[in-house]
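Engineer: Let me give you the structure first, and then I'll get to my questions.
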Amino acid sequence: THLNSARFIFHVTMDTEAASLKLSPPVLCTPRTLTDREKELYRRRLGDVEVGVIRTIQHRLCQMCLYPQWQNIGRVDVVQIYWVNSEGVFKCPEDQLPLDYAKIYPDPELEQQILALAIRCIHSEEGCRWTGQMKQLQGHFSTCAFNVIPCPNRCSVKLTRRDLPDHLQHDCPKRKVKCEFCGSEFTGEAYENHQGVCPQESVYCENKCGARMMRRLLSQHGMAECPKRTQPCKYCGKEFVFDTIQNHQYHCPRFPVQCPNQCGTPNIAREDLANHVKDNCGSALVLCPFKDAGCKHRCPKLAIGRHLEDTTKSHLTMMCNLVGRQRQEILELRREMEELSVGHDGILIWKLNDYSRKLQEAKIRSNHEFFSPPFYTHRYGYKLQVSAFLNGNGSGEGSHLSVYIRVLPGEYDNLLEWPFSYKVTFSLLDQSDPSLSKPQHITETFNPDPNWKNFQKPSSTRNSLDESTLGFGYPKFISHEEIKKRNYVRDNCIFIKASIEIPQKIMA
């Protein structure tokens, strides 16, 4: 415990001679009765006086114990022991008996005994190894490394003396610190705010251009000197690094350029130049609007009107010729479309819709013939066509369906063998449901007669719809009565199939 709070209290019964006893001091800060050793000392000097039983009571008190009652005695830094008689006008702090100020006396002898005691520093458990007499303790405190003291800079921090140098050098907010760059002196707290903003400190450019300068020059450098500073393009407004903006202007879409036709229009944005030349530039050379018709004239846009007025007749002639060429192209395209729609596998399935109406029409118009779409026996092969007389033809007129095959002029006739000599099969397809009954198609097959004129190489002038030349086939293919027996007519339509048997080696 600290010396200032030490308390030494004896509860003894003794007469006035006991004041000269040399007693060992009791434990600090603990009010107690005498030890057995102390009792023995009293018996030797005073006889068998009962120790610990209070009769005529006297006490020894330190100044600190007496202080709460004795307001007029100032606190001192050394131990002072007082004899206290138990006759007074205020209460003793030990037994609450009345005390009298006039009967309080110093006891310097016991005080000296206590001050001569050998003790350890109160910070011994914390690591202090000092030992000495109690009277030396206060002097030791002034140098003890483990003693807690306030910061001399009055920063309100309390810490051990051994931690004080580091605190004063690094942590104390009221320490004096001199800036190494500008030389100004600051308190520790102010220096922390000054760090990173000192105008004299040497720093690198924030744009990473590599330049190093005092912080106070950094703003001017970043605005006017740094090659890595960002700067907006004055034409398009986009921001670029300064050392690349010159290259950007060679591609900037809003950079002003001159019209290549020298029309005099100022400040044309690069991205608008193409539209200007195309639509607005009066000096741009343009082609005549009738260029597709064959006019090759080329002149400035401002002069094109005069050209159109002067060449109206020639332009009209060009347009007439163009219409003729386009008509021919249309016919050729139609022919090609027809060729593309033609089958190339030697099989034709021909659907005749609206059968009942067409049959009545055939009955009214004698020898009325219907023609199928053309088809080829194979790719690059013979071009054929099927024709039908719904009310019959020749011996089958009025009672039968007649079916014929015709050879038409084809694109590849010069590459083929003539006359046409491959087996031909006609079928009238039964449209009955296969799941209910087996279809019974009407089928007829023949081998072309090489002497028949229609199987010779056709002339290129013969029309595929020419009714003057009949094909080869069956005038009595099926009677009208047979057609009605099964589902040869269904949903008012019939299907006629023609197939050509071509050897595989020819198709290859």
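FYI, it's all coordinate maths here, none of it is from the lab. These numbers were taken from a predicted model, which means no experiment stands behind them. Please note: Cβ atoms are built from the backbone with ideal geometry, for glycine as well, and neighbour counts cover all protein chains shown.
Engineer: Each label point is 7 Å from the Cα along the Cα-to-Cβ direction; what then is the distance between the points at LYS176 and GLN112, in nm?
Structural biologist: It works out to 4.8 nm between the two label points.
Engineer: Once fully extended, how much extra length lies between ARG216 and VAL148, figured as 0.36 nm per residue of separation less the alpha-carbon to alpha-carbon distance?
Structural biologist: Answer, rounded to one decimal: 20.0 nm.
Engineer: To continue, here is another question. Give the peptides 425-434, 404-413 in descending order of average Cβ contacts within 10 Å, highest first.
Structural biologist: 404-413, 425-434
Engineer: List, in order, the whole-Hz ³J(HN,Hα) value for each residue of segment 403-410 obtained from phi through the Karplus relation with A = 6.51, B = -1.76, C = 1.60 and θ = phi - 60°; use x for Gly and Pro.
Structural biologist: Each residue of segment 403-410 in turn: 10, 9, 10, 10, 9, 9, x, x Hz.
Engineer: Further, regarding this structure: Measure off 7 Å from each Cα along the Cα-to-Cβ vector at ARG379 and LYS103, then give the distance between these two points in nanometres to one decimal.
Structural biologist: According to this spin-label approximation, the distance is 14.5 nm.
Engineer: Sequence-distant or interchain residues sharing an amide H contact under 5 Å with HIS344, placed H: which?
Structural biologist: Those qualifying (amide H under 5 Å, at least 5 residues apart or on another chain) are TYR376.
Engineer: My understanding is that a pair violates if its Cα-Cα distance is over 21 Å; which of LYS351/LYS457; LYS363/LYS476; LYS383/LYS438; LYS278/LYS301 do that in this structure?
Structural biologist: LYS351/LYS457; LYS383/LYS438
Engineer: Further, regarding this structure: Karplus couplings for segment 304-309 from phi (6.51 cos²θ - 1.76 cosθ + 1.60, θ = phi - 60°), rounded to Hz, Gly and Pro as x?
Structural biologist: These are the phi-based 3J(HN,Hα) values: 5, x, 5, 4, 5, 5 Hz.
Engineer: Compute the length gained on full extension between LYS296 and ASP272: take 0.36 nm times their separation in residues and subtract their Cα-Cα distance, giving the result in nm to one decimal.
Structural biologist: 5.8 nm
Engineer: Students often get this wrong: which residues of segment 283-300 have the backbone nitrogen under 18 Å from the point 7 angstrom along Cα-to-C-beta of ILE330?
Structural biologist: 293, by backbone N distance to the label point.
Engineer: Still on this structure: Compare the peptides 197-206, 346-355 by average per-residue count of other Cβ atoms within 10 angstrom and give them in order, highest first.
Structural biologist: Output ranking for 197-206, 346-355: 346-355, 197-206.
Engineer: List the lysines whose alpha-carbon lies under 18 Å from that of LYS103, not counting same-chain residues fewer than 8 positions away?
Structural biologist: Answer for LYS103, where 18 Å is the Cα cut-off: LYS91, listed by chain and number.
Engineer: Could you rank the peptides 165-178, 325-338, 109-122 by their average count of other C-beta atoms within 10 Å per residue, with the highest value first?
Structural biologist: 109-122, 165-178, 325-338
Engineer: Another question about this same structure. Between GLU481 and SER184, what is 0.36 nm times their sequence separation minus the Cα-Cα distance? Round to one decimal in nm.
Structural biologist: 94.1 nm
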